[in-house]
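Participant: Take a look at this one; I'll ask things after.
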Amino acid sequence: MARALIHMPASAKAGDIIEIRALIAHPMETGFRPGSDGKPAPRDIIRRFTCEYAGKQVITAELHPAMSANPYLAFFVRATATGKLTFTWQGDNGFAQAEERELKVTS
Amino acid sequence: MTTRRQLIAAIPLLALVRPAAATPAEMASAIAAYTGNAPLAPGGISIDIAQLIDNGNAVPITIRVESPMTEQDHVTDIAIFNEKNPLPDVVRFKLTAHSGKAEVATRIRLATSQKLTAIARTSDGKWRQRTVDVIVTLAACVEGEEM
């Protein structure tokens, strides 16, 4: 399991737009960088990120080798009802991770 | 002493040692493939990035698109393309009306000073673009390479 950091408010008013910042520990090896043997190290990156709010997709991202190591993504979500936010990352070599956070929505 | 003839003979060698890099033409064709050759309108989209970048390994960038983000009128796609990294693609986002605000921020790698283009598609099928020039002093992807 890679270390994932997700910054978001624990609660929000209905209709508020909240910022979510998600960062995951991953080397994002580009496949262009020479390894210790002088040959390019094989590519090992996260390909896809998704965020779902109460089962509905909010945002997805397709990542390429030009993303920095430990990919950081910040985006916005409109708070509608108390529910779960699910974050998933998928990548090369079977990399898969999911995180969940609860968002409390007050009227 | 180096003669003119020797200098001319060395030109093909210079061309050989050029590192792998996408070209402006590759970026243009990657954008055309992404948008399906749709016309790109300027305006309504902005890129927030430092013009002078100390470290190309992690460059903060924010893309902002003007949109009410309602079910009827929202931004569906945002993508970043570059000119001179080994590959023209950087990242492609898909947004929905649940986003509330058409703004994304991330950190990217830049191999050298170059142009960056952000593309956005709105739910009415129109495309917008914005291009910025950036200067990179310490490039990404130089570790282990002989300079």
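Participant: I need a count of the residues in segment A:24-40 that are more than 9 Å from chain B (Cβ to nearest Cβ) and in contact (Cβ under 8 Å) with a residue 12 or more places away in the chain.
Facilitator: 5
Participant: Can B:Val91 be described as within 13 Å of chain A (Cβ to nearest Cβ), at negative phi and at pLDDT 95 or above?
Facilitator: The answer is yes for B:Val91.
Participant: Still on this structure, I have one more. Assuming B:Pro19 fulfils every condition listed in (1) modelled with pLDDT under 90; (2) in a helix (DSSP H, G or I) apart from one, which condition is it?
Facilitator: Answer for B:Pro19: the failing condition is (2).
Participant: For segment B:106-122, does any single residue satisfy the condition of being more than 19 Å from the chain's Cα centre (by Cα) and either buried (at least 21 other Cβ atoms within 10 Å of the Cβ) or touching a residue at least 12 places away in the same chain (Cβ under 8 Å) (or both)?
Facilitator: yes
Participant: How about segment A:45-59: which of its residues are crowded, with 18+ Cβ neighbours inside 10 Å and more than 10 Å from every other protein chain (Cβ to nearest Cβ)?
Facilitator: Across segment A:45-59, the qualifying residues are A:Ile45, A:Ile46.
Participant: What's the number of the condition B:Ile45 fails, among (1) at pLDDT below 95; (2) away from every other protein chain (no Cβ under 12 Å)?
Facilitator: Among (1) at pLDDT below 95; (2) away from every other protein chain (no Cβ under 12 Å), B:Ile45 violates only (1).
Participant: In segment A:60-107, which residues are in a loop (DSSP other than H, G, I, E, B), within 14 Å of another protein chain (Cβ to nearest Cβ), within 27 Å of B:Gly56 (Cα to Cα) and out of contact with any Gly (no Cβ under 9 Å at 6 or more places or on another chain)?
Facilitator: Matches in segment A:60-107: A:His64, A:Ala66, A:Ser68, A:Ala69, A:Asn70, A:Pro71.
The values are calculated or read from the model by the stated rules, or taken from the named source; none is laboratory data. These numbers come from a predicted model, not from an experiment. Quick reminder, even Gly has a Cβ in these numbers, built from the backbone with ideal geometry, and neighbours come from all protein chains shown.
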